[in-house]
Structures are given as structure tokens and as C-alpha cells.
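Undergrad: Handing you a structure now.
The values are calculated or read from the model by the stated rules, or taken from the named source; none is laboratory data. Here the structure is a predicted model, which means the values were calculated and not measured. When we count neighbours, we look across all protein chains shown, and the Cβ atoms used for this are built from the backbone with ideal geometry, even at glycine. The protein model used for the area step is the full one, side chains on, heavy atoms only, and it has no ligands, DNA or RNA in it. Shrake-Rupley method; radii C 1.70, N 1.55, O 1.52, S 1.80 Å.
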Amino acid sequence: MIALAALEGVIDASGIAPRTGALLPSGARRRQLTVRTLLLGMMLALADGRPAHLTRVRQALTSLPEADQRRLGVLADGKNGPHRLTYRQTEYTFALVAAALAKGRPDGLPSPQLQHGCDSLLEASVPRQFKDASRSLAVDWTDLESFSRPPPRGTSDCADPEASWGHRKDNLTGSQDELFYGYYLSAGVMTADEQRPPVPELARRMTLSSCRRDPVPALAPVLTAMPAAGVPLGDVLADSGYSHRIPGNWAAPLRAAGAALVQDLHPHDRGPKGTHQGAVAANGNLYCPQTPRALLELGPLARSATAQQAAAHDAKTAEAARYKLGRLTAGDEDGYCRVQCPAAAGKIRCPLRPASMTLDRDRPEILAPPERPQACCAQQTITLPPDVLAKTAQKHDYPSAAWRRSYARRTAAERVFATAKDPAASTTRRGWCRLAGLAPLMLFTAALLAVRNQRILAAWNARQEENTRRAARGQPPKTRRRRRKTPAPAAAPP
């Protein structure tokens, strides 16, 4: 059970209660249930494994000790004696909060006030000692089904008109997609920086969008607003669902905000994709026009690959890096930079660069240079515009060993969604929240992720204390059991 003081500290640090309370209409009487107490009841209910129902919110508040009930306004003195909070008051106050944070004309995206409140709540759930421990974020989206049934065919009337039909992966049917009616939940999860100590995987940003909206451009402004809030961006790890989007919707704004992309490439974006001044554009880089085709068409290493296959794959990606045009300057304000021929950089031997022919023969050699050299071969350097590799350029060469090790951190986002959907805790399956509309559902989801962060922190602290005790006894840190990769041996016959 999460301590009451810890949840109150998160709410107070976020500042969401006074900002939201200022948006509510003022009446003649003082409201018994404040926004702060309402948010605390929501988090208490979710921390206790209860569903996101307003009846459970009131039950969580009325189950507190009498001293806490009086302090929080759950139990107040009236004309006829003590008055305990009723369900009608809980429902009415939550409706006012949801209406104040919702858009006047719903369009499937959260209002700025709602997004800012959820961002503040999640950021406040990250302790001070971990705020600067990592700048890397793993991002992903998942399904969040609405409790409302979809409208009948040919109509648009239902309890949740902001929701829409979406697609999700169904593990029971293989690679087939399954339809659901609801929203897309996108999250940015803190993960360890490269070659840095591990950190607790805390949800740092989230947003909710209707399935009629693309979740990628819905999450991009949430992440690009983080530097202005004092949270600089580092590595942003995403799968091909993000990298395959229009660069202006994902890659370009994140690079402008200071992020370094580490992402998988969609099969349609892999391999050679045109040329620039004679150089071949492939996998986010420019390569010599005489690069062997097999090196340009390398794909990611299979998950079931053996150690020998991994070594052979890494050797090929290292050889492909020799043919890559190297950057000489960082991008200017407009994103332009200068790149150099690999022979001029001393990485390969080419007759068009006489100085490179004096290099050691362990370097690749161009045996048949082009008869009519283009700019990449005739000039020492060429200019690389920002729109040439805007979609596929990233921090590491794709699909090298460095990229594979860095991209492996992206699974932190999947683990967040797995714990959020765990039936042992507050699962987000259909029916966990029976309120209609984007604003109520997003507010409860943000509270759920904030509570989940507190659980992760408690488990992290317990594990660190256990490792400290084991180190004092001269024992190695306790490691997790890894999933078996090879089939288990068959049982002996009886």
C-alpha cells in the first residue's frame, strides 16, 4: 500500500489542484470536496487495486482514519452535526473538473489545460534524485478501450462520441489486427542512458487521443514541450510505427527540440532510397556510389540469431560503415551540414583519390570507379540538406551492433503498458473506468501511471537495499531469471 503522505506530496508538487480549482465555477457555499481531495481519492483507489469508479473513489476517502477525513474535508461539521462526503458530491465535483479540463468542441485530442495537468502530475511522481539521472525516453502507444459501446451502423449516437474504432495487435491470432472502440494511449518512459547505470522505468509523459487521430503527431508536441519545462531531451527510442511517419510529424520537431533518435526502420524505408549528388541514400546515411549492394540491403539481426550469426552480421555492418560519407560539421540553424567522401577520409581506397591508394590494403578498394564522377566523387565535400535523410537519419548506423544495443532499451515502454494492464493491479481493460469522454479517461489514466510510478520506486528501493545487504555479506547482486530461449527438454517417459 502506498503511503498517503507520498500521494499527497505528488499532488502538491504538481500544482494541478490549485490550477484546476481556479477553473471551476464559484458558488455561494464552500465546496466540501476540493480538487486536491478528489485527486487524492482517485490515486488512493487505484493504489489499492480498485477500478477507476467514482464509488471506489468515495470509498477510498471514507475509509481513511477520522483525523485524515477531517483534515481533507471528507468529514465536515454541518448544521445537524458531522457530515460525511456523499457519492453525489463526488460525482458532481468530478463532473465539474472534467468539464473544466475538456475542450469546448471535442476533436479527439486533450485540451492544453488537461495535457499540462497530466504532465505535471507525472513529472511530480519522479523523485528529485532521478530527474537528472537519465534523459532517454522510450515511447510507444497502446489501446485503451472505452466502456461505451460503438454507435449502431449508420449513426453517430453513443455514450462516448469522442472514441473511435482503432486497431491493436492480438497475440492470440498471430500477426492479425483486432478492432477495438476507444483511444490510443501514448507514453514516454524514462530509461537508462547509454553506458550509464540503470534507472527506474518511470512514465514521464503521456497523452490520450481518439483512434481517428494519428497517435504519433499527438505525442510529438508533448515531448517537444519538455525542454521548456526544464526536462531536456536525450535519446528517444521508437519503433517503426514512429519512424515511418511524415518527418514533419515526428523526426523533424524532435530533432529541433534536441532529441537524438534511435528507432527501427520500416521495411519500406530500409535499403537504398535514391541518391544525393551521386551518393546513395540508405538506412539514414549517404554511401559511396560503389558500395556493394548487399551491404546497403542489410536488415536488423533476427531475435533468434546465434552468436556466430551475430558476429557475421556485425562484421558486415562495420564494413558498410567504411563506405559511409562522414560528417565534417554539425548542422547549422537550418539543418545543413557538410559530409566527406570516405576515400578522402581515409576509410577506403579509390583511384579517384590518389592519396587513398597509399593506405593499407586492409581497407576496401574501389576496383571500378565511375567513368563520369559526380559531385560526391569529384569534390572533397558536399552539402547535405536537412530534407534528404529527414525520415531515416538517427544516432547510430542502422542496423549496427551499437544501434542494436541502444534500441534494446525501448522495451521499457512495453513494460509500462504491461503493468498498467496487469489484472493483479489496476488493469486498464474495458470496464475499469465507466466514464465517457476523453477528459475523464485521461485524468484517471494519468493518476494510474503516477501510482504505478510509486510502485516501481518502492520495488526499486527495496532491490537497492537488498543489493547493499548482499554486498555487505560479500555476495553478488541478485539477478533476474531470464526467459528460456531454447525449448525445454522433453520429459522422460513414465
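Undergrad: To make sure I understand the rule: partners must be aspartates and glutamates, Cα under 16 Å from the Cα of K103, and not fewer than 8 residues away in the same chain. Which ones qualify?
TA: Cα-Cα hits under 16 Å: D160, E162.
Undergrad: Mind putting a number on the dipole of the stretch 123-233 about its Cα centre? Charges go on the C-beta only, +1 for Lys and Arg and -1 for Asp and Glu, and I need it in Debye to the nearest 20.
TA: In total the dipole reaches around 260 debye.
Undergrad: Round to the nearest 10 and give me the degree value, 0 to 90, for the angle of helix 411-420's Cα axis relative to the longest principal axis of the chain.
TA: 20
Undergrad: Okay, next question. To two decimal places, what compactness ratio does the stretch 43-182 give when its Cα radius of gyration is scaled by 2.2 N^0.38 Å? Mind dumping the intermediate values first?
TA: On the way: Rg = 20.1 Å, N = 140, 2.2 N^0.38 = 14.4 Å.
With N residues counted in the stretch 43-182, Rg over 2.2 N^0.38 Å equals 1.40.
Undergrad: Could you tell me which residue out of C337, T358, P386 lies farthest along the dipole of the stretch 323-387 toward its positive end? Charges go on the beta carbon: Lys and Arg +1, Asp and Glu -1, centred on the Cα centre.
TA: Positive-end residue among those listed: T358.
Undergrad: Now for a separate question. Would you calculate a helix-derived [θ] at 222 nm for the chain, using -39,500 (n - 2.57) for each DSSP H run of n ≥ 4 and dividing by the full residue count, to the nearest 500? Present the calculation step by step, with values, prior to reporting the outcome.
TA: Numbers: 17 runs with 174 residues, N = 494.
So the helix-based figure for the chain works out to -10500 deg cm²/dmol.
Undergrad: Using the crude model of +1 on Lys and Arg Cβ and -1 on Asp and Glu Cβ, and no other charge, please compute the dipole size for the chain relative to its Cα centre, in debye to 20.
TA: Values: 68 positive and 44 negative charges, 234 e Å.
Roughly 1120 debye for the chain.
Undergrad: Next question. Can you give the Rg to Rh ratio of the stretch 280-403, both from alpha-carbon atoms, with Rh computed by the Kirkwood formula? Mind dumping the intermediate values first?
TA: Working: Rg = 15.2 Å, Rh = 15.5 Å.
Rounded to two decimals, Rg over Rh is 0.98.
Undergrad: Shifting gears a bit: As I understand it, the dipole of the stretch 168-318 uses +1 on the Cβ of Lys and Arg and -1 on the Cβ of Asp and Glu, about the Cα centre. Which of S186, P227, H266 lies farthest toward its positive end?
TA: Projecting each Cα onto the dipole axis, the largest value belongs to P227.
Undergrad: Calculate what fraction, in whole %, of the accessible area of the chain sits on carbon and sulfur atoms when a 1.4 Å probe is rolled over the protein chains.
TA: Carbon and sulfur together cover 52 percent of it.
Undergrad: Using 0.36 nm times the number of residues separating S240 and K131, minus their current alpha carbon distance, what extension gain do you get?
TA: Here the segment from S240 to K131 would lengthen by 36.4 nm.
Undergrad: Something else now. If you take the C-alpha gyration tensor of the chain, multiply each eigenvalue by 5 and take the square root, what semi-axes do you get, largest first, in whole Å?
TA: 51, 26, 22
Undergrad: In degrees from 0 to 90, rounded to the nearest 10, what is the angle of the helix 307-322 Cα long axis to the longest principal axis of the chain?
TA: 70
Undergrad: Would you kindly work out the equivalent ellipsoid of the stretch 144-263 from its C-alpha gyration tensor and give its semi-axes, the square roots of five times the eigenvalues, largest first in whole Å?
TA: The equivalent ellipsoid of the stretch 144-263 has semi-axes of 31, 17, 14 Å.
Undergrad: For the stretch 200-315, report the % of Cα-Cα distances exceeding 26 Å.
TA: Numbers: 2430 of 6670 pairs.
Cα-Cα pairs in the stretch 200-315 separated by more than 26 Å: 36 percent.
Undergrad: Using a 1.4 Å probe, what is the accessible area per residue for the chain, in Å²? Each step should come with its number before you reach the end.
TA: Values: 25610 Å² over 494 residues.
On a per-residue basis, the chain sits at 52 Å².
Undergrad: Something else about it: Out of the DSSP beta bridges found with both residues in the stretch 185-309, what percent are antiparallel (nearest 5)?
TA: If we restrict to bridges inside the stretch 185-309, about 75 percent are antiparallel.
Undergrad: Listed here are the pairs K131/K478; K324/K395; K395/K421; K395/K478; which of them are more than 22 Å apart at the Cα?
TA: Long pairs (Cα-Cα over 22 Å): K131/K478; K395/K421; K395/K478.
Undergrad: Trypsin sites (Lys or Arg not before Pro) within the stretch 51-83: which are DSSP loop residues with at most 10 other Cβ atoms inside 10 Å? Can you show the working numbers first?
TA: Details: sites: R56, R58, R70, R71, K79; in loops: K79.
Here the trypsin sites (Lys or Arg not before Pro) that fit, given the DSSP loop and packing criteria, are K79.
Undergrad: Hey, another quick one. Could you tell me the extents of the stretch 343-494's C-alpha atoms along the three principal axes, largest first, rounded to whole Å?
TA: 69, 54, 46
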